[in-house]
Amino acid sequence: MKVVVQRAKHASVSNDSMSNEIQQGYCLLVGLGKASTQADIEAIAKKIAHARLFEDDNGKLNLNIQQVEGEILSISQFTLYADVKKGNRPGFSNSMPPDEANEMYQKFNQALESYGITVKTGEFGTDMLVDIANDGPVTVIYESQDGKIL
């Protein structure tokens, strides 16, 4: 499992049938690979919930999302598992099949919510317009395999 975390001043997602937005918080790009597990979901959700990616009064990254009363905008992103070794067109055979990935994505969002964080989402499996006002910019990539953070 791979998650790109971008600290955001504002982020939004929309398509023809939905629209969601957050103010201060994280915009997550969430990728699930064929080997992603429930243990990976739990490990990454815990890391993100406790990550100190917001500045304190001294300008140090010492505050987590709960301390700044931030929200999360979670976007499914199967392209994080793109295979670019051969040719010019990426392959996506390493991505989890859609039905299973959607179920895991929902469980991941629920795991984040279990930490008392408001989580808003895009619409799984659709083309969406994502707008991120990256703050800092602060961008961190979390990856887990077999429940262990890499």
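The values are calculated or read from the model by the stated rules, or taken from the named source; none is laboratory data. Keep in mind that what you see is a predicted model, and the values were worked out from it rather than measured. Here the Cβ positions follow ideal geometry from the backbone for every residue, glycine too, while neighbour counts run over all protein chains shown.
Here is how the numbers come out for the structure above:
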item	result
Residue 13 touching a strand residue (DSSP E or B) at 6+ places or on another chain (Cβ under 6 Å), farther than 16 Å from residue 108 by Cα and of a type in the set (Val, Ile, Thr)	yes
Given (1) within 25 Å of residue 147 (Cβ to Cβ); (2) touching a Leu at 6+ places or on another chain (Cβ under 9 Å); (3) among the charged types (D, E, K, R); (4) surrounded by fewer than 16 Cβ atoms within 10 Å (Cβ to Cβ), number of the condition residue 40 does not satisfy	(4)
Residue within the stretch 95-102 that is touching a His at 6+ places or on another chain (Cβ under 7 Å) and outside any helix (DSSP H, G or I) present	no
Total residues in the stretch 116-134, condition of a type outside the set (Val, Ile, Thr) and surrounded by fewer than 16 Cβ atoms within 10 Å (Cβ to Cβ)	7
Residue match in the stretch 114-132 (condition: in a strand (DSSP E or B), closer than 19 Å to residue 21 by Cβ and in contact with a His (Cβ under 9 Å, 6 or more places away or on another chain))	yes
Tally of residues being in a loop (DSSP other than H, G, I, E, B) and among the small types (Gly, Ala, Ser) across the stretch 59-76	2
Residue 79, sole failed condition from (1) part of a loop (DSSP other than H, G, I, E, B); (2) among the β-branched types (Val, Ile, Thr); (3) surrounded by fewer than 18 Cβ atoms within 10 Å (Cβ to Cβ)	(1)
Members of the stretch 103-150 found to be within 14 Å of residue 76 (Cβ to Cβ), of a type outside the set (A, V, I, L, M) and in contact (Cβ under 8 Å) with a residue 60 or more places away in the chain, listed by number	105, 107, 108, 120, 121, 122, 123, 126, 127
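Residue by residue, here is whether (1) β-branched (Val, Ile, Thr); (2) at pLDDT 95 or above; (3) surrounded by 13 or more Cβ atoms within 10 Å (Cβ to Cβ) holds:
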position: 16; (1), (2), (3): no, no, no
position: 19; (1), (2), (3): no, yes, yes
position: 22; (1), (2), (3): yes, yes, yes
position: 44; (1), (2), (3): yes, yes, yes
position: 49; (1), (2), (3): no, yes, yes
position: 56; (1), (2), (3): no, yes, no
position: 62; (1), (2), (3): no, yes, yes
position: 70; (1), (2), (3): no, yes, yes
position: 75; (1), (2), (3): yes, yes, yes
